[in-house]
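All remarks here apply to the structure that follows.
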Amino acid sequence: MPSNDILYEAKVAAVKLMGKVSYTYSGLIKKLVSKGYSEEISEEVANHYQMLGYLDDADYAEKFIKDAVTFKHHGPKRIRHELILKGVDEFVIEDVLLKLNIDFDEVIKELAENHIDYSKINDFKYRQKIVGFLSRKGFDFEQINNVLEYEDEL
């Protein structure tokens, strides 16, 4: 059983951390462990703040997705990958994506309008460069293909 002093100290450390940056449940545990607290103490602190509503992975995912789409124009593959790396459960990610109902076809079209020179689209090297760019942004090849053919609709 951990001492109350260490538990209190870990809770104070967690509040300071959460005051600066948003954390997922597992992200806070990892950060506390990296600060020298045991796994047991870190989990207890994370559970405590989760029960109080200060740690909410669904809320974190929603804010993360909105920012990733609005400011970075990331696609669904990259968003899922980054959230999984942050410790958000895949089911939570899918629920939030369904709730937000983001039209990623519109996101990639907007990104393409700002980054693609359609007069060069038939140049193989240029096309590969654009495919790589859009792929790194997190879009799948069907979405990329659709946006590369988008020029016909303009």
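It is to be established whether one or more residues within the range 24-32 are of a type in the set (S, T, N, Q) and more than 30 Å from Gln143 (Cα to Cα).
yes
Could you please give the count of residues in the range 50-84 that are over 20 Å from Leu111 (Cβ atoms) and among the charged types (D, E, K, R)?
Qualifying residue count, the range 50-84: 5.
Could you tell me whether any residue of the range 18-31 is out of contact with any Ser or Thr (no Cβ under 8 Å at 6 or more places or on another chain), more than 29 Å from Val96 (Cα to Cα) and not basic (Lys, Arg)?
No, that holds for no residue.
Quick check on my filter: what residues within the range 1-28 are closer than 28 Å to Ile79 by Cα and either in contact with an Asp or Glu (Cβ under 6 Å, 6 or more places away or on another chain) or aromatic (Phe, Trp, Tyr) (or both)?
Hits for the range 1-28 are Tyr23, Thr24, Tyr25.
Residues are listed down the side, and each one gets a yes or a no for (1) in contact with a Leu (Cβ under 6 Å, 6 or more places away or on another chain); (2) closer than 23 Å to Glu149 by Cα; (3) basic (Lys, Arg); (4) in the same structural domain as Ser26 (by TED's automatic domain parsing):
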site: Gly75; (1), (2), (3), (4): no, yes, no, no
site: Ile79; (1), (2), (3), (4): no, no, no, no
site: Lys86; (1), (2), (3), (4): no, no, yes, no
site: Lys109; (1), (2), (3), (4): no, yes, yes, no
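Going by what's in this entry, would Glu43 be described as out of contact with any Ser or Thr (no Cβ under 7 Å at 6 or more places or on another chain), acidic (Asp, Glu), surrounded by fewer than 17 Cβ atoms within 10 Å (Cβ to Cβ) and not assigned by TED's automatic domain parsing to the domain that holds Lys137?
In short, no.
Have a look at Leu148, Leu111, Leu154, Leu97 and point out the one that is modelled with pLDDT under 95 and closer than 18 Å to Lys66 by Cβ.
Only one candidate passes the filter, namely Leu111.
I want to confirm something. Restricting to the range 107-116 and keeping residues that are free of Cβ contacts under 8 Å to residues at least 40 places away in the same chain and surrounded by 10 or more Cβ atoms within 10 Å (Cβ to Cβ), which single residue is farthest from Lys72 (Cα to Cα)?
Top of the filtered list is Ile116.
Among (1) modelled with pLDDT of 95 or more; (2) over 30 Å from Ala14 (Cα atoms); (3) assigned to a helix (DSSP H, G or I), which single condition is Ile102 missing?
It is condition (3) that Ile102 fails.
Can you tell me which residues in the range 48-99 are polar (S, T, N, Q) and surrounded by fewer than 14 Cβ atoms within 10 Å (Cβ to Cβ)?
Thr70
The values are calculated or read from the model by the stated rules, or taken from the named source; none is laboratory data. In this text the structure is predicted, and so the values were computed from the model without any measurement. Cβ coordinates were reconstructed from backbone atoms using ideal geometry, including for glycine residues, and neighbour counts include every protein chain displayed.
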